[in-house]
Amino acid sequence: MQTKLTEEQIKLIKENEWIILSTANQNHQPHCIIVIPSRVESERIILSNIQMQTTIKNLEENNKCCINIYCAKESDTQIKIHGKATIQKEGTLYEEIKNDEETNNLPENLKVNAIIIVEIENIKVSKE
């Protein structure tokens with residue numbers, strides 16, 4: 001069972017940009033959202049919460065999540081990541097990501113409300 005992203009997989013995820021984050025509430029009602037990762041590391045993926053209301057609520061009730069990346073242009077590879085998420089609204093990492101996102105990427109009227117840190121538990125890779 002793979003539990004860490006390889007350098008090649010990290011590169012594919014960064015080049016792909018868009019990923020799908022799937023969550024479920026305590027009643028197992030699924031919810032999916034397209035996001036751009038703020039940071040991709042071998043053991044975790046960090047996302048910025050700007051307007052994710054349902055996703056945050058779901059993760060507060062049930063911290064299990066799934067990230068799906070389909071890299072059609074690069075290699076026709078699908079990467080599915082299962083993990084546990086934590087939400088941070090303060091601290092050094094939060095401030096670092098918040099300042100980076102707000103300085104470089106966000107329109108003035110939007111701000112980072114929290115970060116979601118997905119600790120990777122399992123990775124499944126398939127190629128078409």
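The values are calculated or read from the model by the stated rules, or taken from the named source; none is laboratory data. Keep in mind the model is a prediction, meaning the values are calculated, not measured. Positions of Cβ are backbone-derived with ideal geometry, glycine not excepted, and every protein chain shown enters the neighbour counts.
Looking only at the stretch 45-63, count every residue that is of a type in the set (Ser, Thr, Tyr) and within 13 Å of residue 30 (Cα to Cα) and tell me the total.
2
In the stretch 1-30, the residues that are touching a residue at least 40 places away in the same chain (Cβ under 8 Å) and over 18 Å from residue 116 (Cβ atoms) reach residues that are part of a loop (DSSP other than H, G, I, E, B) and of a type in the set (Gly, Ala, Ser) with C-beta atoms within less than 6 angstrom, at least six apart or across chains, in these pairs: 4/42.
Evaluated against (1) touching a residue at least 40 places away in the same chain (Cβ under 8 Å); (2) of a type in the set (S, T, N, Q); (3) surrounded by 15 or more Cβ atoms within 10 Å (Cβ to Cβ), residue 51 falls short on exactly one condition, (3). Contact annotation: residue pairs with Cβ atoms under 9 Å, 6 or more positions apart or on different chains, pairing a residue in the stretch 73-95 that is more than 22 Å from residue 63 (Cβ to Cβ) with a partner that is among the hydroxyl-bearing types (Ser, Thr, Tyr) and assigned to a strand (DSSP E or B), are 76/70; 77/70; 77/126; 78/70; 78/126. Just to be sure, is residue 126 in a loop (DSSP other than H, G, I, E, B) and among the polar types (S, T, N, Q)? Here the answer is no, as residue 126 does not meet what is asked. Please verify whether residue 30 is modelled with pLDDT of 95 or more, touching a strand residue (DSSP E or B) at 6+ places or on another chain (Cβ under 6 Å) and of a type outside the set (A, V, I, L, M, F, W, C), treating the condition exactly as stated. So residue 30 fits the description; yes. If you filter the stretch 70-93 down to residues that are small (Gly, Ala, Ser) and modelled with pLDDT under 85, you find that the one that is surrounded by the most Cβ atoms within 10 Å (Cβ to Cβ) is 75. It is to be established whether one or more residues within the stretch 107-115 are among the charged types (D, E, K, R) and at pLDDT below 95. Checked the stretch 107-115: at least one residue is among the charged types (D, E, K, R) and at pLDDT below 95.
Matching residues to (1) within 14 Å of the chain's Cα centre (by Cα); (2) surrounded by 12 or more Cβ atoms within 10 Å (Cβ to Cβ):
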site	(1), (2)
21	yes, yes
28	no, no
45	yes, yes
65	yes, yes
68	yes, yes
95	no, yes
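The lone criterion from (1) of a type outside the set (Lys, Arg); (2) over 12 Å from the mean Cα position of the chain (by Cα); (3) surrounded by 15 or more Cβ atoms within 10 Å (Cβ to Cβ) left unmet by residue 8 is number (3).
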